[in-house]
2 protein chains.
Amino acid sequence: MERKIQDIKQFNRFYLRMMGLFSMYTDVSSYSATEAMILYEISHTKNCTASYLTNYFNFDKGYISRIIRKFSRNNVIKRRPSEEDRRVQYIELTEKGRDVLEELSFKADENVQHMIKHVDENDVTKLIKAMKQIELILNNNNKG
Amino acid sequence: MERKIQDIKQFNRFYLRMMGLFSMYTDVSSYSATEAMILYEISHTKNCTASYLTNYFNFDKGYISRIIRKFSRNNVIKRRPSEEDRRVQYIELTEKGRDVLEELSFKADENVQHMIKHVDENDVTKLIKAMKQIELILNNNNKG
DNA sequence: TTTAATAGTTGACAAAAGCAACTAATCATT
DNA sequence: AATGATTAGTTGCTTTTGTCAACTATTAAA
């Protein structure tokens, strides 16, 4: 068991650093990596709220609130007050928001391209298979 | 190809969030995650220098310098001036440094334990296999 | 032997994130 | 219905984390 923990930690170190190194290429944007993640999550979550994002990412709610305010100022999202509960505001991307996300997504693509630049077709397939396996295992066992 | 990029990005999002969520449990230490990484790297690199760390992690050299200074103040590392090049100082852990690292390591263990708490033996084996495959593929192709 | 490059330090600053106090609304209990 | 507890979100203030640029000292290159 001990050995296994060490292996996983090694992977965590390895992959964290990988991601760090391969995300510096196209990083000239008005949005940070965190903001990009949040934008992505908004776009893929229906009836998304600030408190949902707070919990999902485990960030401070004040921090999230400010990011949302920034998005709103930039017309990247719009808020739609809930009718049932007047405390909550649903958040959704605007047209411009979708454009911004697409742009960010394109940059992320470039980073990934960079990461697998020298990996041959076959190995990329294996790589993805391994990634999916990890997701599957960890997802199935951390639900509920 | 497009599909593959998307799969990898999905994994990146997934794993980044995983690591974020499962690192909040035992996070009461006088050293940050970044500092822990650096400490680890020092301990596993012979003739480690500030500039090596700067390049390895792609951090600002001023930032690294300050972290090293903090380590030094806390007697976690000691500096040994190079004889050949009087600009460079080799960095190595002290006894206390090894203790600190061990402590940090223990906390990281707990986080990993938490992450795989509900994963059965068999799946953990598969998980690690997949992780090693990823490391292997990405490592072999990004050398040089 | 000037010039350029490198290692490391430091001051000033910006960005990222957390903490705590607050308002407004809803929920739960009596 | 009145009370108190909880929740969603905002805001002021602070800390942490990280960058930028200027600087010294030393070494490498022309």
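Here is how the numbers come out for the structure above:
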item	result
Yes/no for B:T45 being within 11 Å of another protein chain (Cβ to nearest Cβ) and at pLDDT 95 or above	no
Matching helices (runs of 4 or more DSSP H) fully within segment B:41-144 where at least 2 residues are charged (D, E, K, R), surrounded by 13 or more Cβ atoms within 10 Å (Cβ to Cβ) and touching a Cys at 6+ places or on another chain (Cβ under 6 Å)	none
Total residues in segment B:26-40, condition within 14 Å of chain A (Cβ to nearest Cβ) and either loosely packed, with under 13 Cβ neighbours inside 10 Å or within 13 Å of DNA strand C (Cβ to nearest atom) (or both)	5
Which listed residue is farther than 30 Å from A:H114 by Cα and of a type in the set (F, W, Y), from A:Y52, A:Y40	A:Y52
Every residue from segment B:70-107 that is within 14 Å of chain A (Cβ to nearest Cβ) and more than 15 Å from DNA strand D (Cβ to nearest atom)	B:L101, B:E102, B:S105, B:F106
Any hit, segment A:52-66, residues being within 30 Å of B:N139 (Cβ to Cβ), more than 16 Å from DNA strand D (Cβ to nearest atom) and not basic (K, R)	no
Identity of the residue in segment B:1-31, at pLDDT 95 or above and polar (S, T, N, Q), that ends up farthest from B:E110 (Cα to Cα)	B:Q6
For A:H114: the one exception among (1) more than 9 Å from chain B (Cβ to nearest Cβ); (2) over 23 Å from A:I38 (Cβ atoms); (3) more than 20 Å from the chain's Cα centre (by Cα)	(3)
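The values are calculated or read from the model by the stated rules, or taken from the named source; none is laboratory data. Everything numeric in this text was worked out from a predicted model, so none of it was measured. Every residue, glycine among them, receives a Cβ derived from its backbone with ideal geometry; neighbour counts consider all protein chains shown.
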